[in-house]
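In what follows, a structure is listed as structure tokens, so that the remarks can point back to it.
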Amino acid sequence: MEKFYIGIDIGTNSVGMACTDENYKLLRAKGKDLWAVRLFDEAKPASDRRTKRAMRRRLMRRRKRIEQLQTLLAPLVAEKDDTFFIRLNNSPYFVEDKRGTDSRYVIFADDDYNDADFYREYPTIYHLRSALIRGTAKKDIRLYYIALHHMLKYRSNFLYEGQQLSEIRDINALFERLNAAIADVFDDSDETFDMSDPDEFKKTVTQKAGVRTKTAECEKLFGKVSSARKAMISLMVGGTQNASKLFGTEKGEGDVSLCFKNLEDAAYEAWAQEFTDEEFELLGALRNVYNYITFESVLGGHEYISDAMIALYEKHKEDLKKLKDLLRDHKDLYNAVFRKVAKEDKGDKKEKKEKEKASLSNYSAYVGFTKIGGNKIRCKRCASPEVFRKYIKKILTDNAEVLGQPDVIAGILADIESETFMPRLLNADNGVFPYQLNEAEMKAILKNAERDFFEFAEKDDEGLSISDKIMSVLKFRIPYYVGPLNTYHADKGGNSWMVRREDGRITPWNFKEKVD
């Protein structure tokens, strides 16, 4: 047989092949040239499927935590209100679809206390949590359940698992790790940061100011600043920088844009493919400093999350009143900002698009609802708080002469510039809170619960009280590498991460032994 070559060109959705002789002339067989192309569907990454699977597991485990809390408190709640859990669990349904209760109330259905009274007394869940921490709430097991339910449902992140709250809030420790990472990347001690005055740094980065102002003041604080250090400072305070400015070279096919603000964990983990281990470690250290700055800014000097959120609520309320008073005498502007824009009739498409875009930036879109004729109507929300603030800034600057009150307008514009105008309680920044903050609140609440209900402190046969079990539910986290906790084949091995004990109970395997 004569010697021949086979050339193959493999692509993402096709494969090309050809046969040639030693002189690279195309061969023929049975009257046909020996070349071919095979087309097929391009492979799809598993990221979407993995993300949805992870979300399903998170929701399932969240429901399990709530079920465990209900099981622990069911005997106490039943003595006070035997249909309390029935009403809560049926809350997503229409009245005619509810089973076990015909009450139109969801939380409280007492003769002298209902949902309206509850929300009047506690406008947000954080008002209730704060009252329970300080022991000023009335003695009612249902109030304790509502607060504990919220804390177990939204536990915050586990980035600092195993650390004490005092360690997490130690800025010196964060900068020690950052300086070590900088030394590994740049091999130059001149690029490190001298944290000789942590209080001044904290005051600078948590002030009510924009990214540019914070960056400029931090540069003055740290003295001589190189291009790389400028990029690091900008990233720490929430700015955006290109990888080339930080590391001196482009990464991947082009320059990677870096920003920790609203950065999801999946996107952050994807950076590990773009950077070396040392560079990724530096980005992780910078992100920890950014997270510290963010949650310290939101806490605003308060000890508990609840107090910080109540302060945000009051700030939003104050700003809303200020804006309404400013626009009240100008009906067109007032309606544009606080009323949902109705659908336009047929007309110029460009004009309709502009009006629709404007309608998705006003206050109604910011909070997700409006009131028309006394009725609360839900509407589509705007993309981000920045979109709403830009819209308000344009309204005020374009109509400054008509509105008058320059001092009020200047104050609002200053808050917009510092990104503190009308803060929302639910925002992306809440994701930077470590679970240890919720743990500290829960300890204070459970201490008062033990005072009001002795059952919380009673030990069972295993030496655990209700308070101990609730705390363990808060702190227990299934490691990321654990697969499905399927009990169907738990006693037969297989792919399950569960094992049946001698007493018949299903418990997790020793995760370390499983991995080893």
Could you please let me know if L76 is under 26 Å from R477 (Cα atoms) and of a type in the set (A, V, I, L, M)? no
Selection within the range 407-423 - closer than 20 Å to V237 by Cα and open to solvent by less than 50 Å² (accessible area, probe 1.4 Å): D415, I416, S418, T420, F421, P423
Please pick out the residue among R49, R61, R56 that is touching a residue at least 40 places away in the same chain (Cβ under 8 Å) and either in a helix (DSSP H, G or I) or open to solvent by less than 70 Å² (accessible area, probe 1.4 Å) (or both). R61
Quick check on this structure: which one of L128, L132 is in a helix (DSSP H, G or I), in contact (Cβ under 8 Å) with a residue 60 or more places away in the chain and not basic (K, R)? L132
Quick check on the range 189-201: of everything there that is closer than 18 Å to S234 by Cβ and assigned to a helix (DSSP H, G or I), which residue is most open to solvent (accessible area, probe 1.4 Å)? E191
Checking the structure you have, find out if any residue of the range 426-446 is farther than 23 Å from N157 by Cβ, open to solvent by 20 Å² or more (accessible area, probe 1.4 Å) and either assigned to a loop (DSSP other than H, G, I, E, B) or not hydroxyl-bearing (S, T, Y) (or both). no
Among the residues that make up the range 457-464, is at least one of them touching a helix residue (DSSP H, G or I) at 6+ places or on another chain (Cβ under 8 Å) and open to solvent by less than 30 Å² (accessible area, probe 1.4 Å)? no
Residue satisfying condition, being more than 28 Å from P75 (Cβ to Cβ), among the hydrophobic types (A, V, I, L, M, F, W, C) and more than 29 Å from the chain's Cα centre (by Cα), within set F186, F108: F186
Report, ordered by the first and then the second residue, all pairs with beta carbons closer than 8 Å, sequence separation of six or more or different chains, a first member in the range 372-396 that is over 11 Å from N362 (Cβ atoms), and a second member that is open to solvent by 40 Å² or more (accessible area, probe 1.4 Å) and among the basic types (K, R). I372/R339; I372/K340; I377/K340; I377/K371; P385/R424
Flagged in the range 140-158 as surrounded by fewer than 18 Cβ atoms within 10 Å (Cβ to Cβ) and polar (S, T, N, Q), in numbering order, are N157
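Could you run through the range 251-261 and say how many residues are surrounded by 13 or more Cβ atoms within 10 Å (Cβ to Cβ) and either at pLDDT below 85 or in contact with a Phe, Trp or Tyr (Cβ under 7 Å, 6 or more places away or on another chain) (or both)?
At the first step, the residues of the range 251-261 found to be surrounded by 13 or more Cβ atoms within 10 Å (Cβ to Cβ) are 251, 255-256, 258-261.
Next, from what is left, pick out any that are either at pLDDT below 85 or in contact with a Phe, Trp or Tyr (Cβ under 7 Å, 6 or more places away or on another chain) (or both): 251, 255-256, 260-261.
The total comes to 5.
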Which residue out of Y435, Y480 is among the hydroxyl-bearing types (S, T, Y), modelled with pLDDT of 70 or more and under 20 Å from the mean Cα position of the chain (by Cα)? Y435
Residue by residue through the range 1-46, note down the ones that are without any contact (Cβ under 8 Å) to a residue 12 or more places away in the chain and either closer than 28 Å to E264 by Cα or open to solvent by 90 Å² or more (accessible area, probe 1.4 Å) (or both). M1, I8, D9, I10, N23, K25, R28, K30, K32, K44, P45, A46
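Would you call T397 more than 22 Å from Q207 (Cβ to Cβ) and open to solvent by 10 Å² or more (accessible area, probe 1.4 Å)?
Yes; evaluated as a whole, the condition is true for this residue.
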Between residues in the range 310-336 that are over 19 Å from S418 (Cβ atoms) and residues that are in a helix (DSSP H, G or I) and open to solvent by 70 Å² or more (accessible area, probe 1.4 Å), which pairs lie under 8 Å by C-beta distance while being six or more apart or on different chains? H330/V402
Give the residue that is surrounded by the fewest Cβ atoms within 10 Å (Cβ to Cβ), with candidates limited to residues of the range 88-103 that are among the charged types (D, E, K, R) and assigned to a helix (DSSP H, G or I). E96
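Which of the residues spanning the range 397-438 are among the small types (G, A, S) and touching a residue at least 40 places away in the same chain (Cβ under 8 Å)?
Of everything in the range 397-438, those that are among the small types (G, A, S) and touching a residue at least 40 places away in the same chain (Cβ under 8 Å) turn out to be G411, S418, A428, G431.
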How many residues are part of a helix (DSSP H, G or I) and open to solvent by less than 40 Å² (accessible area, probe 1.4 Å) if we restrict to the range 73-87? 7
Does F175 fit the bill of being out of contact with any Asp or Glu (no Cβ under 8 Å at 6 or more places or on another chain), open to solvent by less than 50 Å² (accessible area, probe 1.4 Å), in contact (Cβ under 8 Å) with a residue 24 or more places away in the chain and in a loop (DSSP other than H, G, I, E, B)? no
The lone exception for F186 - which of (1) open to solvent by less than 20 Å² (accessible area, probe 1.4 Å); (2) at pLDDT below 85 it fails: (1)
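Whether any residue in the range 138-147 is under 22 Å from S465 (Cα atoms), within 27 Å of the chain's Cα centre (by Cα) and among the basic types (K, R) is what I want to check.
Within the range 138-147, none of the residues are under 22 Å from S465 (Cα atoms), within 27 Å of the chain's Cα centre (by Cα) and among the basic types (K, R).
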Where a residue in the range 144-161 is part of a loop (DSSP other than H, G, I, E, B) and its partner, wherever it lies, is loosely packed, with under 15 Cβ neighbours inside 10 Å and not acidic (D, E), with Cβ under 8 Å and at least six apart: F158/R477; E161/R477
Of (1) among the polar types (S, T, N, Q); (2) without any contact (Cβ under 8 Å) to a residue 24 or more places away in the chain; (3) closer than 30 Å to L59 by Cβ, S166 satisfies every one except (3)
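The values are calculated or read from the model by the stated rules, or taken from the named source; none is laboratory data. On a predicted model such as this, the values are computed, not experimentally measured, just so you know. Counting neighbours? That spans all protein chains shown, and the Cβs are built from the backbone with ideal geometry, glycine included. Note: accessible area is taken over every heavy atom of the protein model, side chains too, but ligands, DNA and RNA are not part of it. Shrake-Rupley method; radii C 1.70, N 1.55, O 1.52, S 1.80 Å.
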